[in-house]
Amino acid sequence: MYTRKQALALARQLRTCPPLKVKQNLEHAEQFRRHLAVCPFCSTMLKDEIEAWEILSEKLEADFTVSPENSPIQTGQVRILDPELSFWQGDDYYNAPQAALLEIKPGGMVTLAQVWPDTALAGPGDLVPPENMIQGLSEILIQTWNIYTLPERFMGPLLGTLAPKVIESALKMAKDPDHLPEWALKPMPMQDHDPRIFFRELELKIGQAFAAMAPGRTAAEHEKRPVPIGLEALKAKLEEKFTGIGWDWPPGTVEECMALLRFPSHVLPMRAAENDGLTITAGYFCFNQEGMQDARPIECNIKYEASPPASYSVNGVIEGLPDDIPEDAFQCYIKDENNRLLMACKWVWEGHGKRFMALFDRPLSPGQSLAVFIVHHTGWDLP
């Protein structure tokens, strides 16, 4: 008999155990060694053990006829997030989850609900549609309590589609957890020490970690004032101001436009001869309500950085800034070779000393680098 405890064990394995290609990659050897020390699944290695990945593949084997690579992003789709987004979080490996696309938002963003392909773990607040409202999947539970927004380019392979009524009901349940359409499965109430409680804790951790990848997402205490210029207009302004300007890859948002900017060499600041530490080029962008007033490269001196197993911290000084730079002007990202931007979870900006400290909740991996810039609003009428 298949129990909820078994379903939870499978979910834990699928969400937090590295796939075979990561286990065999020497770059991940130290992290996998630590994972083995705490994981009851990977450390067992029984010959007759059925790999959870094979079970998941069977569950997700779709008869959907449209090629995922050629399918435009649309509401109602169920997709796996790009597997390249998977990462180590402490001793666990967070695999890219599956999600139902609820809304397409301006700026190439998608609101999605995390899903799980095993209804044995469905509980109150989950939406379980009948088979006639699903195409390409045998079963699915939609976590209306685990909704977040990511860029369209973070979406991976297409698994199937959901009927419009399912999406409408998921959005209603996100606002009213007591709402449940009559056609949906009514899950059993949860009891003390119910495996579904631990499953939800796991799913929320996964969701929060991937939601933090959205460009422009900041810690709750840092509210950003909007930049009064669109992406194309900002690019045009910068190209007009600088000859030979470029970007690491085509930016999709205003924040990416500033983070990915490569200033031409003839405008870069002179490096101080006595500075024997790491120096990177940061960007200073000044705006008022009429648009961009100034943009220039500035020198950012890294005084200290550390990358223990589960995090990356860095602090430094940015020279050549005005004295009135507020904390909400500072922005810091990890930039990687897979065209992703990861926002620092926490940071501190000391305007008087032009000093900053940023803490990421994941290590800095090979091929990744720091992107620092200042978005300074002047003459801004606060509400």
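General observations
- Filtered residues of the stretch 246-259 (kept if open to solvent by 30 Å² or more (accessible area, probe 1.4 Å) and without any contact (Cβ under 8 Å) to a residue 60 or more places away in the chain): W247, P250
- In the set (1) more than 27 Å from the chain's Cα centre (by Cα); (2) of a type in the set (D, E, K, R); (3) at pLDDT 85 or above; (4) more than 21 Å from L137 (Cβ to Cβ), the condition left unmet by K205 is number (1).
- Members of the stretch 102-128 that are assigned to a strand (DSSP E or B), of a type in the set (A, V, I, L, M, F, W, C) and touching a helix residue (DSSP H, G or I) at 6+ places or on another chain (Cβ under 8 Å): L102, I104, M109, V110, A113, W116, L127
- Of all residues in the stretch 120-148, exactly one satisfies the criterion of being on the phi > 0 side of the Ramachandran plot and in contact with an Asp or Glu (Cβ under 8 Å, 6 or more places away or on another chain), namely G136.
- Considering (1) part of a strand (DSSP E or B); (2) more than 28 Å from F32 (Cβ to Cβ); (3) modelled with pLDDT of 85 or more, the lone condition that Y333 does not fulfil carries the number (2).
- Of all residues in the stretch 1-27, those satisfying the criterion of being over 26 Å from I197 (Cα atoms) and open to solvent by 40 Å² or more (accessible area, probe 1.4 Å) are L20, K21, K23, Q24, N25, L26, E27.
- Restricting the first member to the stretch 104-130 and to residues that are closer than 18 Å to I197 by Cβ, and the second to residues that are open to solvent by 30 Å² or more (accessible area, probe 1.4 Å) and assigned to a strand (DSSP E or B), the beta-carbon pairs closer than 9 Å and six or more apart or on different chains are Q114/I147; G125/W145; D126/W145.
- Only residues that are within 18 Å of A306 (Cα to Cα), surrounded by fewer than 17 Cβ atoms within 10 Å (Cβ to Cβ) and touching a Gly at 6+ places or on another chain (Cβ under 9 Å) were counted in the stretch 337-377, giving 1.
- In the stretch 129-173, the residue that is nearest to G108 (Cα to Cα) out of those that are open to solvent by 30 Å² or more (accessible area, probe 1.4 Å) and assigned to a strand (DSSP E or B) is T149.
The values are calculated or read from the model by the stated rules, or taken from the named source; none is laboratory data. No experiment lies behind these values; they were computed from the predicted model shown. Neighbour counts are summed over all protein chains in view; Cβ atoms, including those assigned to glycine, are modelled from backbone coordinates with ideal geometry. Keep in mind that these areas ignore ligands, DNA and RNA; they rest on the heavy atoms of the full protein, side chains included. Shrake-Rupley method; radii C 1.70, N 1.55, O 1.52, S 1.80 Å.
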